[in-house]
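What follows is a set of notes on a single structure, which appears directly below.
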Amino acid sequence: MPKRQLLLGIWLLATGLVSFTALILGVLLDAQLAHDAQSRTLLWITVALSPAVLLLTGIWLERKLFTPLRHLQIQCARLAANPDARDDFRPEGWLSHLNTDFSRLREGWRNDRAQLETAREAGARDAARIRHELEAVLEVLEVPLLLCDRHQRVLMLNPAAKAFFSDHPALGLGRHLQQLLPLPNLTDTLKKLPTDGSPRQLLLHHDERWLRCDLRRVRANQGEALLTLSDTTEIHASHQRWRQPLAKLLPQLRGHTASLTTTAEALSGSPENIELRNRLEQAMHEESQTMGELIDQLSRVLESLQLDQTCLSDTWSGDLTAALSDLCEQQQIQITPIGIPAWFRADSPTLLVMLETLLPTLGQACQQQVFEIEFCLGNKRVYLDLIWAGKPVSQQQLDRWRELQLSEQPLAPRISDVLSQHNSDWWCLPDHDREHARLRIPLPATDRYAEPDRTTEPRPEFHDFSIAELPPPDSELGNCLLSQLEMVVFDTETTGLKLREGDRVISIGACRILNGRLLANEQFDQLVNPQRDIPAASTAIHGLQDVDVQGAPPIAVVLPRFHSYVGQAILVAHNAAFDLLAIDQPARESGLSFDMPVLDTLLLSRAIDPDLDTHGLDALSERFQISFPAGTRHTALGDARVTAELLLNLLPRLEARGITTLQQALDFQASAETVQVG
């Protein structure tokens with residue numbers, strides 16, 4: 001449609017021309033009708049009506065046609081630019097009859113767009129779900145995966161690949177595969193990969209490792225190639241360990257077999273010479289003995305091959321104990337994990353079968369159906385301890401149990417084979433309380449999650465004997481033996497040390513001791529949003545930053561949960577005055593009260609050894625050889641667990657001083673040197 005200004009100009013021009021023409025004609029005719037007044041009046045009325053009619057016709061067309069056409073044009077442009085806009089122009093004028101059809105067309109268009117948008121969103125959700133599922137699968141795959149394009153640039157790598165090449169500077173998306181694995185045979189094989197997706201295998205030697213590489217072309221637009229890698233160095237070394245003895249044994253066996261065959265053939269001739277016959281029989285006997293020894297060596301080689309240490313892998317003690325508990329339920333044997341969980345190396349399936357075979361025999365010998373299992377950190381070893389109430393088993397009995405087979409199948413491994421596979425042994429020893437015994441099995445330790453080499457300043461010690469002002473326990477609880485109490489050992493991390501000046505809790509961790517045993521699966525670990533900034537000086541100690549606690553619940557939400565976790569237990573802490581002060585004010589604001597008795601391992605240690613200068617958690621853990629698992633120092637749960645182990649080490653020393661009940665322990669810790677909290 002022409003622009004409004006152009007139409008307006010044409011209309012004004014036509015009106016002007018008509019007016020001018022009518023005026024000229026009027027002047028000419030007026031001269032001829034000079035004596036007829038009536039005719040002259042009609043003439044000038046006609047001259048005036050011509051442009052007026054044209055002017056009114058233009059106005060009428062503007063309102064009835066041109067303006068509705070412009071509005072329709074605007075609406076069509078608006079629908080094209082923004083179909084979801086709702087401030088519409090309704091068709092008007094001579095176009096008003098199009099209103100119904102136009103509205104139907106407009107709404108149909110919008111409905112179609114809405115359906116397309118819904119379908120797009122559904123497709124996007126499905127694509128995102130599939131992507132997340134694939135990412136989750138890739139994340140848990142232990143096989144390193146690399147996907148590269150036809151130019152051998154890395155398009156995808158999973159976490160296992162990142163761990164596989166963790167120290168390589170060329171690892172990353174978009175990096176050339178040649179920078180990661182500069183091997184000409186790999187490059188040539190990638191160029192010649194078949195397009196039908198059939199795999200190719202390579203054995204690569206790189207950085208003193210033997211790598212098995214499976215390659216295949218992915219049927220995609222960019223000609224991607226998928227690489228899966230596995231480190232076969234240990235497998236090659238294992239093969240050498242049994243191939244060399246076999247290479248030595250087999251020729252000897254063949255030689256002695258041939259000699260024995262020759263002797264048997266000579267003996268079958270029944271020589272009349274008695275002396276020769278005796279010599280042949282003696283030779284046959286010696287060859288038989290030699291072959292028996294060689295066959296015995298061969299069987300040991302086969303057994304070592306069956307239980308090779310390449311099957312050992314990093315194992316989390318919590319997973320092993322959970323699987324063992326499920327297996328022992330069918331035999332009505334109860335397994336309770338205690339202590340701090342740890343990582344170790346083991347052939348987990350074989351070790352599980354060994355423990356499943358051993359426990360019924362051990363239970364029958366000790367007349368026990370209830371056992372505890374604990375993993376203790378040692379010097380490059382992790383000790384698996386099976387604990388029961390009673391006396392230790394004799395070493396002679398343990399030696400007999402070594403010959404127990406794990407199944408009734410031929411050539412089934414024995415317990416001694418499993419111990420040899422783990423380069424281990426076993427022995428029995430009495431527990432520290434002399435009422436329990438434990439069977440100890442050393443297992444290889446792992447360097448996984450090695451503790452970082454960093455030192456932080458220990459938190460200053462706060463001593464406050466306001467603990468003695470807490471309500472005393474009732475007589476029944478006070479007379480309970482310490483070994484029979486339910487205790488919750490807890491620790492807090494805060495934004496700083498000035499709790500009375502606004503510093504707040506950012507983490508609470510706790511674990512439970514029941515009847516003198518630390519329950520490994522009973523724990524409380526919760527970050528807390530302090531609703532204020534965490535100073536850098538505090539972050540340097542516990543490692544927590546503002547972003548770590550940003551999404552955590554506030555203390556008003558966490559404390560009721562912690563109060564429910566404590567229940568009827570007594571509280572235990574190291575430097576308990578500080579931790580109690582940290583939760584006391586928020587507890588009062590929430591209408592809670594932690595008025596149960598509190599034992600302080602710091603005060604107990606100071607009362608037991610008043611002549612020692614240092615009673616911090618680091619010094620005491622080193623004194624009692626309690627190890628912090630990697631990365632757990634200055635974490636609430638990590639410190640709480642070590643405090644629990646410390647308390648269990650202090651209980652025998654308290655008992656040696658005649659302190660056996662809760663009330664005696666509270667009185668004893670009150671005798672420690674007083675230090676005023678600032």
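The values are calculated or read from the model by the stated rules, or taken from the named source; none is laboratory data. Note that the structure is a prediction, hence the values are computed from the model and not measured. As a convention, Cβ positions derive from the backbone with ideal geometry for all residues, glycine included, and neighbour counts pool all protein chains shown.
Looking at this structure, is LEU384 at negative phi, surrounded by 15 or more Cβ atoms within 10 Å (Cβ to Cβ) and out of contact with any strand residue (DSSP E or B) (no Cβ under 6 Å at 6 or more places or on another chain)? No; evaluated as a whole, the condition is false for this residue. Residues in the stretch 309-349 that are part of a helix (DSSP H, G or I), modelled with pLDDT of 85 or more and aliphatic (A, V, I, L, M): 4 in all. Within the stretch 462-475, one or more residues are part of a loop (DSSP other than H, G, I, E, B), touching a helix residue (DSSP H, G or I) at 6+ places or on another chain (Cβ under 7 Å), farther than 22 Å from LEU654 by Cα and modelled with pLDDT under 85.
Starting from residues that are assigned to a loop (DSSP other than H, G, I, E, B), modelled with pLDDT of 75 or more and under 26 Å from HIS132 (Cα atoms), keep the ones in the stretch 158-190 and report whichever is nearest to the chain's Cα centre (by Cα). Going through the qualifying residues, I end up with ASN158.
With (1) in contact with a helix residue (DSSP H, G or I) (Cβ under 6 Å, 6 or more places away or on another chain); (2) assigned to a loop (DSSP other than H, G, I, E, B) as the list, and LEU497 as the residue in question, which single condition is left unmet? Only one criterion is unmet by LEU497, namely (1).
Here ALA665, ALA587, ALA644 are screened, and the one residue that is touching a Phe, Trp or Tyr at 6+ places or on another chain (Cβ under 9 Å) and surrounded by 20 or more Cβ atoms within 10 Å (Cβ to Cβ) is ALA587. Listed by position, the helices (runs of 4 or more DSSP H) enclosed by the stretch 570-678 that each have at least 3 residues that are of a type in the set (Asp, Glu) and either within 24 Å of GLY339 (Cα to Cα) or touching a Cys at 6+ places or on another chain (Cβ under 6 Å) (or both) are 636-656.
The listed residues are SER420, SER424, and the only one of them that is assigned by TED's automatic domain parsing to the domain that holds LEU355 and part of a helix (DSSP H, G or I) turns out to be SER420. Of all residues in the stretch 632-654, those satisfying the criterion of being of a type in the set (D, E, K, R) and within 26 Å of the chain's Cα centre (by Cα) are ARG633, ASP639, ARG641. Taken as a whole, the condition of being out of contact with any Lys or Arg (no Cβ under 7 Å at 6 or more places or on another chain), within 23 Å of ASN649 (Cβ to Cβ), assigned by TED's automatic domain parsing to the domain that holds VAL642 and not in a loop (DSSP other than H, G, I, E, B) does not apply to ALA537. Got a number for residues in the stretch 552-567 being within 14 Å of SER507 (Cα to Cα) and of a type in the set (Gly, Ala, Ser)? Counting residues in the stretch 552-567 that are within 14 Å of SER507 (Cα to Cα) and of a type in the set (Gly, Ala, Ser) gives 2.
Taken across the stretch 363-372, residues that are under 26 Å from the mean Cα position of the chain (by Cα) and surrounded by 13 or more Cβ atoms within 10 Å (Cβ to Cβ) do not occur at all.
For the stretch 547-571, the set of residues classified as touching a residue at least 40 places away in the same chain (Cβ under 8 Å) and β-branched (Val, Ile, Thr) consists of VAL549, ILE555, VAL558, VAL566, ILE570, listed by residue number. May I ask you to say which residue of ASP613, ASP667 is at pLDDT 90 or above and either of a type outside the set (S, T, N, Q) or in the same structural domain as PHE344 (by TED's automatic domain parsing) (or both)? The match here is ASP667. Of the helices (runs of 4 or more DSSP H) that lie entirely inside the stretch 1-89, those containing 1 or more residues that are small (Gly, Ala, Ser), modelled with pLDDT of 70 or more and over 30 Å from THR100 (Cβ atoms) span 4-32, 37-61. Applying a threshold of 8 Å to beta carbon distances and a minimum spacing of six or more residues, or different chains, the list of pairs starting in the stretch 634-656 at a residue that is assigned by TED's automatic domain parsing to the domain that holds LEU497 and within 26 Å of SER538 (Cα to Cα) and ending at one that is buried (at least 20 other Cβ atoms within 10 Å of the Cβ) and acidic (Asp, Glu) reads HIS634/GLU493; THR635/GLU493; ALA636/ASP491; ALA636/GLU493; LEU637/ASP491; ASP639/ASP491; ALA640/ASP491; THR643/ASP491. In summary, ASP525 fulfils each of the numbered conditions (1) closer than 30 Å to PRO337 by Cα; (2) at pLDDT 90 or above; (3) surrounded by 17 or more Cβ atoms within 10 Å (Cβ to Cβ) with the single exception of condition (3).
Out of contact with any His (no Cβ under 8 Å at 6 or more places or on another chain), surrounded by fewer than 22 Cβ atoms within 10 Å (Cβ to Cβ), over 20 Å from SER507 (Cα atoms) and at pLDDT 90 or above, is that true of THR660?
yes
Quick check, is GLY478 surrounded by 15 or more Cβ atoms within 10 Å (Cβ to Cβ), of a type outside the set (Ser, Thr, Tyr) and under 25 Å from ALA672 (Cβ atoms)? Here the answer is yes, as GLY478 does meet what is asked.
Just one of (1) loosely packed, with under 13 Cβ neighbours inside 10 Å; (2) outside any strand (DSSP E or B); (3) not polar (S, T, N, Q) fails for LEU193. It is (1). For the stretch 591-632, a tally of residues being buried (at least 16 other Cβ atoms within 10 Å of the Cβ) and more than 17 Å from GLU645 (Cβ to Cβ) returns 8. Scoring LEU571 on the criteria (1) over 29 Å from SER317 (Cα atoms); (2) out of contact with any Lys or Arg (no Cβ under 7 Å at 6 or more places or on another chain) leaves a single failure, condition (1).
Being at pLDDT below 85 and crowded, with 17+ Cβ neighbours inside 10 Å is the requirement here; does PHE490 meet it? No.
Quick check on GLU372: is it modelled with pLDDT of 85 or more and either within 23 Å of LEU429 (Cα to Cα) or not assigned by TED's automatic domain parsing to the domain that holds LEU648 (or both)? So GLU372 fits the description; yes.
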